[in-house]
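Notes to accompany the following structure.
The values are calculated or read from the model by the stated rules, or taken from the named source; none is laboratory data. Source: prediction; values computed, not measured. So basically every Cβ, Gly included, is an ideal-geometry build from the backbone, and we count neighbours across all protein chains shown.
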Amino acid sequence: MAVTRREFIAGSATGAAGLVVGGVLGKTLSDEGDGASGPSGLTGDANSVAEARGLSPAEVVQALKTVVPPGRPDMDEFYILSSGGHSGQILVMGVPSMKIKKVVGVFTPEPWQGFGFGNESDGLLAEGTTSAGGPSTSAHRYLSWADTHHPAISETEGEYDGRFVYINDRANGRIAMVDMRDFKTKQIYDVPNLQSSHGGVFVTQNTEYAHISTKTPTLIEGADPATSLENFADVYRGYSTFLAVDQETGRFDLARSFQVELPPYTQDLADSGKLVSHGWVFLNSYNSEMATGGNLEGKPPIEVGASANDFDYMHIINWQKAEQVVGSRSVVINGMRVIPLDVAVEEGILFLAPEPRSPHGVDVSPDGGYLCVAGKLDPYVTIYSFEKMLAAIEAQDFEKRDQYGIPVLNYDSVVSGRVEVGAGPLHTQYDADGHGYTSLFLESAVAKFTLGEPYFSGDQAYKLVDKVPVHYNIGHLCTMEGDTTKPQGKYLIALNKWSIDRHSPVGTLNPQNFQLVDLGGEVMEVLSDTPIGMAEPHYVQAIRADRIKAWDLYPPGTNPLTMQPDPNAVAQGEERIERDGNRVEVFMSVTRSQFKPDILRLNQGDQVTLHLTNIETTPDATHGFAIPRHNVSVSLDPGEYTRIDFVADVQGSFAMYCTEFCSALHLEMQGWMLVA
Ligand code: CUK
Ligand code: CUA
């Protein structure tokens, strides 16, 4: 029997997320029932509004659990950092509101941040395009798009520390670093020997390294591309890359970085060991058959060839051991130290474990003791024990060696449980109580199951305990800090690939759909749908809001690329134009509501450098600076310095202007660039 709205408000509903709604709410709401009416045309107390809007009791509770009222930003307890998919960016959102707070320009020009439109960020993007197939063969000066997949927030002791976030470019085998003090990209690194990367991005427990690995194996230097597919096993290789992190700046210290050469099995998702498994990394692969396709040449398509064997291989890498031998036993390939495959085997750095065919995620549990591998084509999550792996390695409990001589651990010796979760399992995250949550792509659902000791024992271990439908075709999922040593439970976000009927129609290309799921109750419950109208996010990490220590102002004259005061920044009164032949340097201040100088008198062919400093000390007093017909658009936050270099090669009068509505006289914030 249906509960009327009035009964619901007067009665009691227990929600998850630890919220109890009922008597108290009913009382408060009726006490406020003074008939206030707003521009929506809705009048009366909460009961009447709910009724007028046709909200069911359950929907009212869902809304109450997710609403962040005006002026209460602290009610978003978590931030999520989401990959922007083929937008090449990062999205920052709040939880539980699911409101977008920012889109961070990472690999793709982002006009509203002036990212990639004439200032130093052009240099950053160009620097991130160095290897073969880069600018020389591209229509652009640099690769101007990317497919961001896996964000990795920096960690200390396996907990997010809110300092940096790393993210990879699936398409081009690159990795970027964003500083979480200002949420801006500081470095883009085009990783040698990687043409593409996918799920192999994470940081080690104390951000000693940011890891990135190959997806499709790379053709080795000097091999003939034309015959390469016939000789695939010999001329293609995978690489597991350990980029050492400078703890002060978050940047990659390339002199301390290295790669481990891998067989060409198409390494895919990966994760870092933590606590008991600290010092190790784990990478799945899904094409140990080394299928190469050729469906128009009478061969099976890759999807068939790559699914022929019953097992693929998890790669188990001891990076602390690799760290010890890299100085003496590596070769340098394209500027990167590489530990060759045979050395990795000889030194006990690399092992394999069989995993059911075509696996997707491999996800290490909060205590570091378990690895959950989702089967993609297999309805099970297979749970490996790290302790058993170590024991098997020690006892040389190998079922064989693969064709490259890599020891393959005995499957039965390293697997500690299997849970039948449903169709198309992909990724697993955790809560603090020993539960795993696995996304089921084919079934469009999330499954919740139990791990073994020390969390659950006997009958209670390795059991499916709950399942909730999601809409639709879920890829990743994310519990709050659910891939760290300190998962927070509370919420789960389902990253759904399809949305069909979930949002108002916007044409033939539908948005992705993020669904917020409540983990606080007896059973999981979907609370909200959020369309992501700009990309296909893959992975998301959720960090507690109180771990973020973002700046609201730059110290005067800060260059965001160095996060230091720039020698060319100006204070008020230091503005000037310096000319030496056809070299012109302009030292300009930017403040409400003028550029100083506001007239630039140039000769055609002048080589111009503009040094711009926003001298504001008020938070949010951001100015833009644009030159028409020159593709110059920059954004200057208070205290920020940037530089623009160009040749004044077109005669004319160009009206410079500020692109941010910064003050009542914003429209007057303009100037002239005269090229005669
Ligand atoms: S992958 Cu598994 S659904 Cu790119 Cu992390 Cu997307
Ligand atoms: Cu400065 Cu508008």
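Suppose we filter segment 350-366 for residues that are hydroxyl-bearing (Ser, Thr, Tyr) and closer than 20 Å to residue 202 by Cα; how many remain? Counting residues in segment 350-366 that are hydroxyl-bearing (Ser, Thr, Tyr) and closer than 20 Å to residue 202 by Cα gives 1. Under 9 Å between Cβ atoms, at least 6 apart or on separate chains: pull out the pairs that start in segment 220-234 with a residue that is under 17 Å from residue 294 (Cβ atoms) and end on any residue that is surrounded by fewer than 11 Cβ atoms within 10 Å (Cβ to Cβ) and of a type in the set (Asp, Glu). Listed by first residue and then by second, the contacts come to 231/224. Filtered by the rule that a residue be among the polar types (S, T, N, Q), surrounded by 14 or more Cβ atoms within 10 Å (Cβ to Cβ) and closer than 21 Å to residue 622 by Cβ, segment 565-588 gives a lone residue, 568. Condition (residue is charged (D, E, K, R) and either part of a loop (DSSP other than H, G, I, E, B) or not assigned by TED's automatic domain parsing to the domain that holds residue 374 (or both)) applied to segment 498-505: is it met by at least one residue? Scanning segment 498-505, I find at least one residue that is charged (D, E, K, R) and either part of a loop (DSSP other than H, G, I, E, B) or not assigned by TED's automatic domain parsing to the domain that holds residue 374 (or both), so the answer is yes. Taken together, the residues in segment 513-546 that are more than 17 Å from residue 490 (Cα to Cα) and either over 22 Å from the mean Cα position of the chain (by Cα) or in contact (Cβ under 8 Å) with a residue 60 or more places away in the chain (or both) amount to 8. Pairing residues of segment 262-279 that are under 11 Å from residue 367 (Cβ atoms) and among the hydroxyl-bearing types (Ser, Thr, Tyr) with residues that are modelled with pLDDT of 95 or more and part of a loop (DSSP other than H, G, I, E, B), at Cβ distances under 7 Å and at least 6 apart in sequence or on separate chains, gives 277/368. The one condition from (1) modelled with pLDDT under 95; (2) over 25 Å from residue 310 (Cβ atoms) that residue 378 does not meet is (2). Please determine whether any residue of segment 618-625 is surrounded by fewer than 17 Cβ atoms within 10 Å (Cβ to Cβ) and either within 16 Å of ligand 1 (Cβ to nearest atom) or more than 22 Å from residue 116 (Cα to Cα) (or both). Taking every residue of segment 618-625 in turn, at least one turns out to be surrounded by fewer than 17 Cβ atoms within 10 Å (Cβ to Cβ) and either within 16 Å of ligand 1 (Cβ to nearest atom) or more than 22 Å from residue 116 (Cα to Cα) (or both).
Here residue 165 does not qualify as modelled with pLDDT of 95 or more, touching a strand residue (DSSP E or B) at 6+ places or on another chain (Cβ under 7 Å), under 24 Å from residue 369 (Cα atoms) and buried (at least 21 other Cβ atoms within 10 Å of the Cβ). In segment 162-210, the residue that is nearest to ligand 2 (Cβ to nearest atom) out of those that are among the small types (Gly, Ala, Ser) and in contact with a Ser or Thr (Cβ under 6 Å, 6 or more places away or on another chain) is 176. When segment 360-414 is filtered for residues that are of a type in the set (Asp, Glu) and in a loop (DSSP other than H, G, I, E, B), the ones remaining, listed by number, are 367, 378, 397, 402. When each of 529, 483, 518 is tested for being surrounded by fewer than 20 Cβ atoms within 10 Å (Cβ to Cβ), modelled with pLDDT of 95 or more and out of contact with any Cys (no Cβ under 8 Å at 6 or more places or on another chain), the lone residue that passes is 529. When the strands (runs of 3 or more DSSP E) confined to segment 570-676 are screened for residues that are within 15 Å of ligand 2 (Cβ to nearest atom), those reaching at least 3 such residues are found at 583-591, 594-596, 606-614, 623-627, 632-636, 652-657.
Where residues in segment 177-223 are surrounded by fewer than 20 Cβ atoms within 10 Å (Cβ to Cβ) and among the basic types (Lys, Arg), which of them is nearest to residue 360 (Cα to Cα)? So, considering only residues that are surrounded by fewer than 20 Cβ atoms within 10 Å (Cβ to Cβ) and among the basic types (Lys, Arg), the one nearest to residue 360 (Cα to Cα) is 186. Candidates in segment 486-515 are the residues that are crowded, with 16+ Cβ neighbours inside 10 Å and of a type in the set (Gly, Ala, Ser); of these, the one that is nearest to ligand 1 (Cβ to nearest atom) is 494. Of all residues in segment 389-444, none satisfies the criterion of being under 28 Å from the mean Cα position of the chain (by Cα) and free of Cβ contacts under 8 Å to residues at least 12 places away in the same chain. With respect to (1) surrounded by fewer than 16 Cβ atoms within 10 Å (Cβ to Cβ); (2) of a type outside the set (S, T, N, Q); (3) more than 20 Å from residue 361 (Cα to Cα), the lone exception for residue 543 is condition (1). Against the conditions (1) surrounded by 20 or more Cβ atoms within 10 Å (Cβ to Cβ); (2) in contact with a Gly (Cβ under 7 Å, 6 or more places away or on another chain), residue 351 satisfies every one except (2). Figure legend. Inter-residue proximity from segment 653-676: first residues free of Cβ contacts under 8 Å to residues at least 60 places away in the same chain, second residues hydroxyl-bearing (Ser, Thr, Tyr) and more than 16 Å from ligand 1 (Cβ to nearest atom), beta-carbon distance below 6 Å, spacing 6+ or different chains. Indicated pairs: 660/622. Looking only at residues of segment 415-452 that are small (Gly, Ala, Ser) and part of a strand (DSSP E or B), we find that the one that is surrounded by the most Cβ atoms within 10 Å (Cβ to Cβ) is 439. Among the residues here, residue 577 qualifies as modelled with pLDDT of 95 or more, among the hydrophobic types (A, V, I, L, M, F, W, C), under 28 Å from residue 636 (Cβ atoms) and over 33 Å from the mean Cα position of the chain (by Cα).
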